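Participant: Take this structure first; my questions come after.
The values are calculated or read from the model by the stated rules, or taken from the named source; none is laboratory data. Computed from a prediction, not measured in an experiment: that's the story for all the values here. Backbone-built Cβ (ideal geometry, glycine too); neighbour counts: all protein chains shown.
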Amino acid sequence: MTTELLLYGYTIGVFPMGEERKIRFHDPQIRALIPLEFKEKKRNFHIPKRLLRKVLNNPFKITFNMDFQSVIRECASIPRNNAGCWINKEIIDSYTDLYKAGYAHSIEVWDNEKLIGGLYGVALGAVFFGESMFSKANDASKIALVHLVANLKNSGFILLDAQFPNPHLNQFGAYEVTKKVFKEKLENAIKVSLHFHPEQNSFELVKKYFF
């Protein structure tokens, strides 16, 4: 699974998942999106009050692209309803190549020197395709998502794809669209020329957009 094949898949709205030793590309009929707008738009990114207070306390160190390998491997270690994990060795190797090429990104959450949460995904055009997240402490992956959204907003991104509907993401305002609507949105956003350059001190951006 080459970098070129992966990137082409994203441009047409499909993404890979590992199944034992095989890779299968998925094109869901229903797609989940996380809004990147705030307050003034109908679709809003929402942070629950309890989590907002915790984010404001800034209890953990947040970094971007500091330890991609550890993040994707931690995501791969999460049990998935006794069905194994879709992040197999080929997925890890392929997304590591995407990371080296500057397309895949990780967000890390640290408690002192211990990695306790994070997420990774792919940035292409004005679209960020969320892939997976993990948490070893309460709210760690949620805090990573808040910092990601602030940085995407700051960089001018239009679309944050969450792939499959997930009750965990509904608290942030995630909503469902049909495959047709998603691909219409994707076609416009993928053409925008952007580069994802997250701020390492992203707490200032979080305060800017959420407080």
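Participant: Determine whether the range 115-122 contains at least one residue that is touching a residue at least 60 places away in the same chain (Cβ under 8 Å), aromatic (Phe, Trp, Tyr) and surrounded by 15 or more Cβ atoms within 10 Å (Cβ to Cβ).
Facilitator: Within the range 115-122, none of the residues are touching a residue at least 60 places away in the same chain (Cβ under 8 Å), aromatic (Phe, Trp, Tyr) and surrounded by 15 or more Cβ atoms within 10 Å (Cβ to Cβ).
Participant: Pairs under 6 Å by beta carbon, first residue aromatic (Phe, Trp, Tyr) in the range 42-64, partner crowded, with 20+ Cβ neighbours inside 10 Å and assigned to a helix (DSSP H, G or I), six or more apart or different chains?
Facilitator: Every condition considered, the pairs that remain are 45/149.
Participant: Quick one: which residue in 110, 86 is modelled with pLDDT under 90, surrounded by 14 or more Cβ atoms within 10 Å (Cβ to Cβ) and either out of contact with any helix residue (DSSP H, G or I) (no Cβ under 8 Å at 6 or more places or on another chain) or within 25 Å of residue 153 (Cα to Cα) (or both)?
Facilitator: 86
Participant: Quick one: count up the residues across the range 1-25 that are on the phi > 0 side of the Ramachandran plot and under 20 Å from the mean Cα position of the chain (by Cα).
Facilitator: Result for the range 1-25: 1.
Participant: If the Cβ limit is 9 Å and pairs must be 6+ apart or interchain, which residue in the range 149-169 that is closer than 19 Å to residue 186 by Cβ and touching a residue at least 24 places away in the same chain (Cβ under 8 Å) pairs with which residue that is crowded, with 17+ Cβ neighbours inside 10 Å and charged (D, E, K, R)?
Facilitator: Taking only residues 6 or more apart or on different chains, the pairs are 158/185; 159/185; 161/31; 162/31; 163/31; 163/131; 164/31; 165/31.
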